[in-house]
Every structure is written in C-alpha cells, then in structure tokens.
Protein chains: 2
Amino acid sequence: MRNIDWIAVDWGTTRLRVWGLSKQGEILTHNSSDKGMNTLQSEEYEQVLIEHIEDWLDKDRTIAVLACGMLGSKQGWIETHYETAPCIGSKQLVQAPVSNQGFKVYICPGVKQLSPADIMRGEETQILGFLTDNPGYSGVICLPGTHCKWVQVTAGVIEYFQTYMTGELYALLSQHSILRHCVAKNGWHTSAFKKAVASAIDSPATIYGQLFSLRAESILNGLSAEVARARLSGYMIGLELCAAQQYWKDKEVMVIGEQQISIRYMEAFRSLKIKSEHFNSDELTIKGLTSIYHQILGQ
Amino acid sequence: MRNIDWIAVDWGTTRLRVWGLSKQGEILTHNSSDKGMNTLQSEEYEQVLIEHIEDWLDKDRTIAVLACGMLGSKQGWIETHYETAPCIGSKQLVQAPVSNQGFKVYICPGVKQLSPADIMRGEETQILGFLTDNPGYSGVICLPGTHCKWVQVTAGVIEYFQTYMTGELYALLSQHSILRHCVAKNGWHTSAFKKAVASAIDSPATIYGQLFSLRAESILNGLSAEVARARLSGYMIGLELCAAQQYWKDKEVMVIGEQQISIRYMEAFRSLKIKSEHFNSDELTIKGLTSIYHQILGQ
C-alpha cells in the first residue's frame, strides 16, 4: 500500500493493534489480534508484527513503525526506559532489533514516578494524544482498564499518578475465584451497581467482608447472577474511587478508555455528581503517536 | 484392618483426608490426597473414597464413614442441608448413595446464617471438636484458610459468623496477577508483614492503591520478592482484621487452622497485642466427628 506513510502500533498485555496511516495521521487501514505481549517471547515479536503488516510493506522502501505499550516492558520485545514524572511523555525512542529491511521499529518509553513508586506504559501516549487537542491542559485524567491509572496533569505535563489493579481484580474474582459460580458474564443491574459504589466509598473496610456474601446470598437467597455481577463491579470501582478521592473530589474527570469499561466509570461518576467526559483510547493513542512521529521522527 | 471401628473423612475443596479410628477416636491409620471436590464429578466420589480406604474394609461387615466438608456442597457428592445459626452443629446426617456393601457414608450438614447471609461447611465440625474439650465455651474463634471464618460462640453455640476470602485473594494475587512477577513463593520478612498489617488496619482504603506499588517498587527500587510476599500477606490479613474488628477487639482469639497459615495470623495478633491460642484443625475435625459418631450414630 504505497499511500501508507507510517505504521502506528499499540502492543498491550493482551492485544496487538496496528494502523496504517497517512503523514497527517489519517487511518488508511488497520489490523488487530490477541497476540498480546503476555503470549510472546522476545524473539517472536518481529515475525508476529510482519504477519499483521506484511500487506502494507514495499520492497523499495523502509517504513517507520512507531509503537507504544507493554512491548517496551521487561517481559516484552526490548526493555525501554521510563521518563520521570513530572514530564510530557516520549522524548527519546528506542529502536527494536529487526532483520527485515522493509521497516524500522521505534518504541516509546514509559513514564515512572519515584515516590510513591509507580509506572505506566501506553497511557502516556494516550495522554499526549489528549494534550494535542487540549494544549496546556490542567486537570484530572482517569484511564480505566486492567490497571486503572489516575493522572494529575498540570499545564500540559504529567505531574503525578497512581495505578489501581481494579480491572485485574474484577477479572480474577469473577472468573477464577469461588465467586465465578454466582457472577454472570453478561447482564447488568444499574441500581445494584450504584449502591455498591456508594457503600464501598462510604465504608471500604466492610467491603472486604461483602465479597463472600455474594456467594452466600446466591446460595441462600437466590441472588441473581446479574445483580452479583453489578455489585462486584460496583465494589471494585467503589474501592478504587474511595482510595483515589484526592483526584476526583470536586473536580471534573476526563475518562480515556475503551467504551465498555468507561461507561461503568461514568455511571459511577454520575451517581457521585462528578462531571466527566469520555475519550476513545484508540483514537488518542493514534493522535499521540502521530504527534511523536512528527516531533521526534521529524516527518 | 479389623481393629478400625469407623472412618472419619474431611473432604475439602482441594484435599481429601481419611482416618481409620477406634471407637474412642484414636487414629489407627490415615491417608490423604489432593483429590479435592474441585477435581471431582458427583459420580466419582465413591470410587475415589474406595481407593483411599480399601485396605481398611472387610467382606463380613459394613463400616461407618462419617464425613464433613465441601463434599456436602452443591458442586460436591450430594448436597446436604445447612443448619441455621445460632446452632450447635450437626444434628441430622445425610447418607450418600453407595453401591459398595463394605461401608455406609454419612455426611454432616453445614451451618448457615440468614442475615447477613453466610455459610460454612467443615468449620462447624472443627468448632464442635473444640467444644468437646471446652464445653459451654463463650468467645471468639478464627479459622484461617482459603475462606477465613470469624465465629462468635456463646455458651457452646455458634451464634454468628462472617467469611473473608483472604486466602483465596492472596493466592490469586500472588500466583495469577501481574504481582506474580514480584512476589516470592517462599521467604519472609517479619517487620514488613507487621507494618503492612498495621497500615491496612489504620487506613484500609489506601491499601487498594498499594497493591500495584509492589510491582512498581520491585521494578524501580529493587523491592525484594520476600518483602513483597510479606507485605502482600500483611495487607490481606490486615484488611480482614480491619473489617472483623468487632470480633477481636479487646478479646482473646482461639485460632483453629493449619500450622503455616495460623502462624501468620498469630504473628498479626501479637503485633496488635491480642492474645491468641492455636489449635490444629485436623485434630479438632477428628474430635468433632468422633463426638457426632457417638451422639448421632449412637456408637
């Protein structure tokens, strides 16, 4: 595909997403799979990448591939550094070793915070994408997912942040614990969710004793699996919100994430009378990578 | 083995333990395996039981097998009822269907609590064993394990109780979450454990944000895997203790459990200046089943 100028890649723990883009960052084609970094050894990355982009390569040129996400972690393709917050994001890219002549791979660094210790890989690029449209922004960004990040951005700079394992905890409890027998995979109950959020914020310690109750109530009182699902989700998000109060209390929250999980957070915010606005994480990843492509690769 | 009068069985989620006993409850022989109820279908129980006790059977008699634990649950051999707290424990046994003439299997019911909903299967028999030596006991019993139970016993009766998923949460986080990369399987750090217990009791909400810090500190500051293990264990037990304060505050706690996990709880109690005493769960299970054998089977 001759009109593709460069390739953007978001290589996360469980998903690989690639986009063929014009110089201006328009999506001309895209591809994705579940070949996330948790399924790959370091030496497999090049071949897997080729499988996803080979139709876009030409013999007579070398195309730039700009990637962000967990592929830059210790367990990924090649370990890249972290820039230290407060910072804007990617300044120095790391090239991954490839034998194919058709492309060069540049990986964005992550962002670290020294005290309290914290790290991100991928979210910094989404934030950069957000800042492209909102230069000099000051405010709070919440990025829900497996490991939800709360980020204070001040004058266009990532000032400080904190990670919560909410998505992973929910997945472990609903799919791998004794609660898997009583929590539905689908279905929802809005008022059960809202009540659970409120009770977790109100009294986080007691929630620890409420988890097994989902199982007991299912057995003894016929608690429906959909209500159990909404309640468990509400407990987890509520515990996170209780712990992250300094970020959202009396503030407006920008939510960057996939639709399905972002909806839950925004539902929780509404019930707390917190204003929030949603941005699609894929779109902002592409915007962020486009900004880096222009600024660092100088094209 | 002609001198075996009856057989006691503790069939839990992950373990099967059988004991050949005299009429008075002396252990004459025993056997165990990892054929727990989570590995078995209902129709497999009889055969698995035979494999563990066949050397103890005679052609010319039918021996009584008295069992407690998760084999009586919905996912077990045959679903037995729950007695309702406040109660003493097993009054009515349920016979499991067997085709072998050499034995009859009697299963103890569990105990349920209607509000707040809670259930136990197996722990009630350990408590009965404790009460055999301490008739009319009033006080608090803590039974650590996959699902830790806190039980208020009054005048020899299970009055009320609550279940915490502490052991299962620790196993999920240390073996299946992102933290598996930074939490050791062995090794210990007493002061890290005690500090983690104290901070969880002091500020349970913030612990939710401390979990991912174990990973970040491991990557950025070289946090040792042994300290991470002790800290994660301390967070989990501390959260449980924070939620269960009504049970232990200004009380003496009887701890019934396996050695390894009970030691951690007693370490936490010592650091909180709570008096505690340990009782071996296997011994109390046998004592409890012996008491039922005499009272209900009338032998």
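Considered as a group, the residues in the range B:162-210 that are among the β-branched types (Val, Ile, Thr) and part of a helix (DSSP H, G or I) include one that is farthest from residue B:264 (Cα to Cα), and that residue is B:178. Each residue in the range B:198-214 was checked for being within 9 Å of chain A (Cβ to nearest Cβ), within 20 Å of residue B:245 (Cα to Cα) and among the hydroxyl-bearing types (Ser, Thr, Tyr), and 2 pass. Residue B:90 meets each of the listed conditions (1) touching a helix residue (DSSP H, G or I) at 6+ places or on another chain (Cβ under 7 Å); (2) closer than 24 Å to residue B:251 by Cα; (3) more than 14 Å from every other protein chain (Cβ to nearest Cβ); (4) not in a strand (DSSP E or B) apart from (2). The set of residues in the range B:237-268 that are assigned to a helix (DSSP H, G or I), open to solvent by less than 60 Å² (accessible area, probe 1.4 Å) and of a type outside the set (A, V, I, L, M, F, W, C) comprises B:238, B:240, B:245, B:247, B:262, B:264, B:265, B:267. Quickly run through the range B:140-163 and pick out the residues that are at the interface with chain A (Cβ under 8 Å from one of its Cβ atoms) and more than 12 Å from the chain's Cα centre (by Cα). Of everything in the range B:140-163, just one residue is at the interface with chain A (Cβ under 8 Å from one of its Cβ atoms) and more than 12 Å from the chain's Cα centre (by Cα), namely B:162. Among the residues of the range A:215-254, those identified as facing chain B (nearest Cβ under 9 Å), farther than 21 Å from residue A:272 by Cα and of a type outside the set (Lys, Arg) are A:216, A:217, A:218, A:219, A:220, A:221, A:223.
Within the range B:60-77, at least one residue is among the charged types (D, E, K, R), under 21 Å from residue B:35 (Cβ atoms), open to solvent by 20 Å² or more (accessible area, probe 1.4 Å) and at pLDDT below 95. For first residues located in the range A:13-39 and over 20 Å from residue A:78 (Cβ atoms), partners that are outside any strand (DSSP E or B) and among the charged types (D, E, K, R) and lie 6+ apart or on another chain with Cβ distances below 7 Å form the pairs A:21/A:5; A:22/A:5; A:23/A:5; A:25/A:287; A:32/A:15; A:34/A:15. If the condition is being open to solvent by less than 10 Å² (accessible area, probe 1.4 Å) and out of contact with any Phe, Trp or Tyr (no Cβ under 9 Å at 6 or more places or on another chain), then the range A:148-168 contributes only A:158. When the range A:178-201 is filtered for residues that are of a type in the set (S, T, N, Q) and without any contact (Cβ under 8 Å) to a residue 60 or more places away in the chain, the ones remaining, listed by number, are A:186, A:191, A:199. Taken as a whole, the condition of being assigned by TED's automatic domain parsing to the domain that holds residue A:234, at pLDDT below 95, open to solvent by 10 Å² or more (accessible area, probe 1.4 Å) and at positive phi does not apply to residue A:187.
The values are calculated or read from the model by the stated rules, or taken from the named source; none is laboratory data. Note that the coordinates shown come from a computational prediction; the quantities given were computed from them, not determined experimentally. All Cβ positions, glycine included, derive from the backbone under ideal geometry; neighbour counts span all protein chains shown. Ligands, DNA and RNA are excluded from the accessible area calculation, which covers all protein heavy atoms including side chains. Shrake-Rupley method; radii C 1.70, N 1.55, O 1.52, S 1.80 Å.
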